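The values are calculated or read from the model by the stated rules, or taken from the named source; none is laboratory data. Since this is a predicted model, take the numbers as computed values, not measurements. Neighbour counts run over all protein chains shown; Cβ positions are idealised from the backbone, glycine included. With ligands, DNA and RNA removed, areas are computed over all heavy atoms of the protein, side chains included. Shrake-Rupley method; radii C 1.70, N 1.55, O 1.52, S 1.80 Å.
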Amino acid sequence: MRPNLSKDISIESFKDFYWLKEELQTFCRENGISSTGSKIEISDRIVTFLRSGGIKNPIRKTKINRTVEPQVHLSLDTVIRANHRCSQDVRAVFKTAIPKFHFSTYIQNYCKSNAVKTYRDAVDAWYEGEERKKDPTFKKKIAPQFKYNQFTCDFFADPKNQGKSRAEANEAWNRIKKLPGSNKYEPNNEI
């Protein structure tokens, strides 16, 4: 059974169970710990608190002055800026070439890391990304903090779950997240 998240929980028990970000933030607020940042950062602060009673302050990221003059007219031939932001104006440019366009992590990263290329180049990259998804060996990378997303992806990839519903995947997730240890979907485990 999953223990309560309190000052008395052992570090091992804390690390052994899945916690919602909201639960972590509530614990932080109740104990005078900063509740800002990613789930990984918050968990790290809680471990420090449980270990020593010390309060670790969040690392403040210096903000870059983002007051940049907006580009008046964007087109497929517009060069992507170093401080690229995915905006409605940028979406409109993509929609001129990709009717069913949606921002994906792949295209966001492409634009952020390819300043000096044009949006036309980004359109080509978007289509390349869509083609890659058709490859049966393609596997989308899911960041480690998104355990639920990874679990459901792996759940549906298991041939024995073919035809199962999202509700059944959620039931399996809700059972496994209450258990100690890994929240990773294991095809051989009975969930």
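For this structure, a couple of remarks:
- Take the conditions (1) in a loop (DSSP other than H, G, I, E, B); (2) open to solvent by less than 90 Å² (accessible area, probe 1.4 Å); Val116 misses just one of them, which is (2).
- Residue check, Ala125 more than 30 Å from Lys95 (Cα to Cα), free of Cβ contacts under 8 Å to residues at least 40 places away in the same chain and surrounded by 12 or more Cβ atoms within 10 Å (Cβ to Cβ): no
- Glu69 of a type in the set (D, E, K, R) and at pLDDT 90 or above: no
- Among residues of the range 134-148, those that are polar (S, T, N, Q) and either part of a helix (DSSP H, G or I) or open to solvent by 80 Å² or more (accessible area, probe 1.4 Å) (or both), counted: 1
- Of the numbered criteria (1) more than 21 Å from Ile176 (Cβ to Cβ); (2) among the basic types (Lys, Arg); (3) modelled with pLDDT of 90 or more, the one Lys15 fails is (1).
- In the condition set (1) within 22 Å of the chain's Cα centre (by Cα); (2) part of a helix (DSSP H, G or I); (3) loosely packed, with under 12 Cβ neighbours inside 10 Å; (4) modelled with pLDDT under 90, Glu131 is compliant with all but (1).
- Cβ-Cβ under 7 Å pairs, at least 6 apart or on other chains, the range 12-27 side without any contact (Cβ under 8 Å) to a residue 60 or more places away in the chain, far side among the hydroxyl-bearing types (Ser, Thr, Tyr): Leu24/Ser43; Gln25/Ser35
- Residue that is nearest to Ile107 (Cα to Cα) [pool: residues in the range 158-181 that are assigned to a helix (DSSP H, G or I) and of a type in the set (A, V, I, L, M)]: Ala169
- Enumeration of residues in the range 168-184 that are open to solvent by less than 60 Å² (accessible area, probe 1.4 Å) and either touching a Cys at 6+ places or on another chain (Cβ under 8 Å) or more than 23 Å from Ser13 (Cα to Cα) (or both): Ala169, Asn170
- Residue among Phe155, Phe101, Phe151, Phe94 that is open to solvent by less than 70 Å² (accessible area, probe 1.4 Å), at pLDDT 85 or above and in a loop (DSSP other than H, G, I, E, B): Phe101
- Within the range 1-11, restricting attention to residues that are free of Cβ contacts under 8 Å to residues at least 24 places away in the same chain and of a type outside the set (Ser, Thr, Tyr), the residue that is nearest to Lys177 (Cα to Cα) is Pro3.
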